[in-house]
Structures are given as structure tokens and as C-alpha cells.
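This report refers to the structure that appears directly beneath it.
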Amino acid sequence: MGNLEEDKAENYAWKNSFWLEGLKTISLSLVLALGIRSFVAEARYIPSGSMEPTLQINDKLIIDKISYDFSTPKRGDIVVFNPTQTLTAENFHDAFIKRVIGLPGEKVAVKNGKVYINDTPLKENYLEAKPDYQWGPVVVPAGSYLVLGDNRNNSYDSHYWGFVPGNKIVGKAILRFWPLNRIGEINRPNYQLNLPKKL
């Protein structure tokens with residue numbers, strides 16, 4: 001009889017231990033997942049066609065949220081940012097995703113189907129179509145960035161509402177993980193600005 005009671009007690013203790021360990025594991029996983037989402041990386045999806053052809057509607061991306069703690073955005077980075085003051089005033093609340101084109105202090109213009117950085121045309125081989133509008137020239141303020149969509153003629157971007165302060169940038173897109181047939185890294189273009197040679 002004693003053995004039966006001992007077996008029941010051991011079985012009860014084992015079950016409690018099993019559920020307790022499982023609960024601990026789930027709790028730890030949730031804490032880590034939330035911590036990673038808050039501080040390191042997070043998943044985002046593409047809700048519009050403003051970044052076509054580079055990013056398609058419903059593409060799912062991993063956003064690196066820590067790189068800009070140690071460096072500044074580079075031309076060509078695809079960044080996620082929270083609405084600027086102007087966008088908030090227009091009742092936008094969700095994050096945007098665009099490509100960094102103009103860096104702080106640069107003069108930027110759009111004319112003749114091209115972007116000009118400090119009067120030098122930027123070679124862009126990722127556009128849906130050449131821009132069919134004229135804009136600028138303007139100088140990007142210190143600490144801010146000019147961002148444009150790759151679907152240049154169908155993108156609500158900096159040429160409409162202005163610049164993105166650096167502190168609004170959440171992170172940069174580094175990996176597409178869905179759909180599976182287009183999984184891969186998102187690399188920054190290798191721009192060749194052909195700046196004039198110094199005399």
C-alpha cells in the first residue's frame with residue numbers, strides 16, 4: 001500500500017515538474033521574443049506597392065534595429081521609420097518603408113528622370129520607372145534623411161512631405177523571408193556617383 005502511495009506522489013510531482021518546466025520555457029521564450037522584437041530585430045510586411053519592384057506587396061522582412069545605434073544610415077539602405085511630424089498631422093500612424101537617397105547636408109534634386117546629388121546624377125538600376133516629376137533642389141537638414149520609394153511615381157515619400165529625422169528611423173531591412181521563392185538578403189546598391197575629380 002505504501003508503494004502505491006509513493007508511486008502516486010512521485011507521479012504527481014513529475015507531472016507538476018513537467019508543467020512547471022514547460023511554463024518556464026514558454027515564459028522565457030516569450031520574454032526573449034519580446035526583447036528581440038523591442039531591441040534587436042522584428043518582422044514587418046509590405047502593405048503597398050511603393051517599393052516595387054524591389055519589394056512586393058505582402059513580402060515579409062526582418063528589420064535590423066541595432067545597426068544604427070553604432071552607425072548612421074547609408075544611401076541605398078531600405079529603412080522603416082515612424083511617421084514624421086508632418087505625417088502625424090496628416091493622421092498617419094503606421095510605420096513607412098522607403099529607400100534612403102539623400103544624406104544630411106547634401107543638395108538633392110529630381111529632374112529629367114533622374115535624382116541628382118550635389119549636381120551629380122545618381123545611377124539607380126532598381127526603379128520601377130524613371131521619376132516623371134521635377135523636384136528641388138533642396139538641402140537635406142542635419143540629422144535628417146531624404147527617402148524615396150523605388151516605385152518612384154507611385155510613392156508617397158520625401159518629395160511630398162519632407163525629410164525623416166534620424167530619431168524616427170526604426171531600423172533597416174536586411175532579409176526577406178517570405179515568399180520562399182524570393183527569400184534572401186536585402187543588399188545596399190553599390191552607387192557610383194562619378195563625382196568630379198579634385199583639381
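The values are calculated or read from the model by the stated rules, or taken from the named source; none is laboratory data. A quick note: this is a predicted structure, and the numbers were derived from the prediction, not measured. For neighbour counting, all protein chains shown are included, and Cβ atoms are generated from backbone atoms with ideal geometry for every residue, glycine included.
Side notes on the structure shown:
- Single condition M51 does not satisfy, out of (1) part of a loop (DSSP other than H, G, I, E, B); (2) modelled with pLDDT under 85: (2)
- Test: residue in the stretch 141-152 that is among the charged types (D, E, K, R) and closer than 27 Å to F92 by Cβ: yes
- Counting only residues that are crowded, with 18+ Cβ neighbours inside 10 Å and under 22 Å from P53 (Cβ atoms), the stretch 107-127 holds 5 of them.
- Per-region count, the stretch 128-146, residues under 17 Å from G49 (Cβ atoms) and within 21 Å of the chain's Cα centre (by Cα): 1
- With respect to the conditions (1) of a type outside the set (A, V, I, L, M, F, W, C); (2) loosely packed, with under 13 Cβ neighbours inside 10 Å; (3) part of a loop (DSSP other than H, G, I, E, B), T88 lacks only one, and its number is (3).
- Among the candidates L199, L175, the residue that is of a type in the set (A, V, I, L, M, F, W, C), more than 20 Å from D77 (Cβ to Cβ) and modelled with pLDDT under 95 is uniquely L199.
- Near pairs, Cβ below 9 angstrom, 6+ apart or cross-chain, from the stretch 158-169 (among the hydrophobic types (A, V, I, L, M, F, W, C)) to any residue that is part of a helix (DSSP H, G or I): W161/T86; W161/L87; V164/S158; I169/Y68
Table: residues versus (1) aliphatic (A, V, I, L, M); (2) under 23 Å from A43 (Cβ atoms).
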| site | (1), (2) |
| --- | --- |
| H93 | no, yes |
| R99 | no, yes |
| G102 | no, no |
| A109 | yes, no |
| E128 | no, no |
| D150 | no, yes |
| W161 | no, no |
| P165 | no, no |
| K168 | no, yes |
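- Any pair with Cβ under 7 angstrom, 6 or more apart, that starts in the stretch 127-151 at a residue that is outside the structural domain of T54 (by TED's automatic domain parsing) and over 17 Å from V164 (Cα atoms) and ends at one that is surrounded by fewer than 20 Cβ atoms within 10 Å (Cβ to Cβ) and aromatic (F, W, Y): none
- Filter result (among the hydrophobic types (A, V, I, L, M, F, W, C), more than 18 Å from V140 (Cα to Cα) and touching a residue at least 60 places away in the same chain (Cβ under 8 Å)) within the stretch 79-95: V80, A95
- Residue list for the stretch 103-113, filter: within 24 Å of P165 (Cα to Cα) and in contact with a Pro (Cβ under 9 Å, 6 or more places away or on another chain): L103, P104, G105, K107, V108, A109, V110
- Selection of the stretch 65-83 for residues being at pLDDT 95 or above and of a type in the set (D, E, K, R) yields K74, R75, D77.
- Residues within the stretch 153-187 that are acidic (D, E) and buried (at least 17 other Cβ atoms within 10 Å of the Cβ), tallied: 1
- Annotation: I97 fulfils all but one of (1) surrounded by fewer than 20 Cβ atoms within 10 Å (Cβ to Cβ); (2) under 14 Å from I169 (Cβ atoms); (3) aliphatic (A, V, I, L, M); the unmet one is (1).
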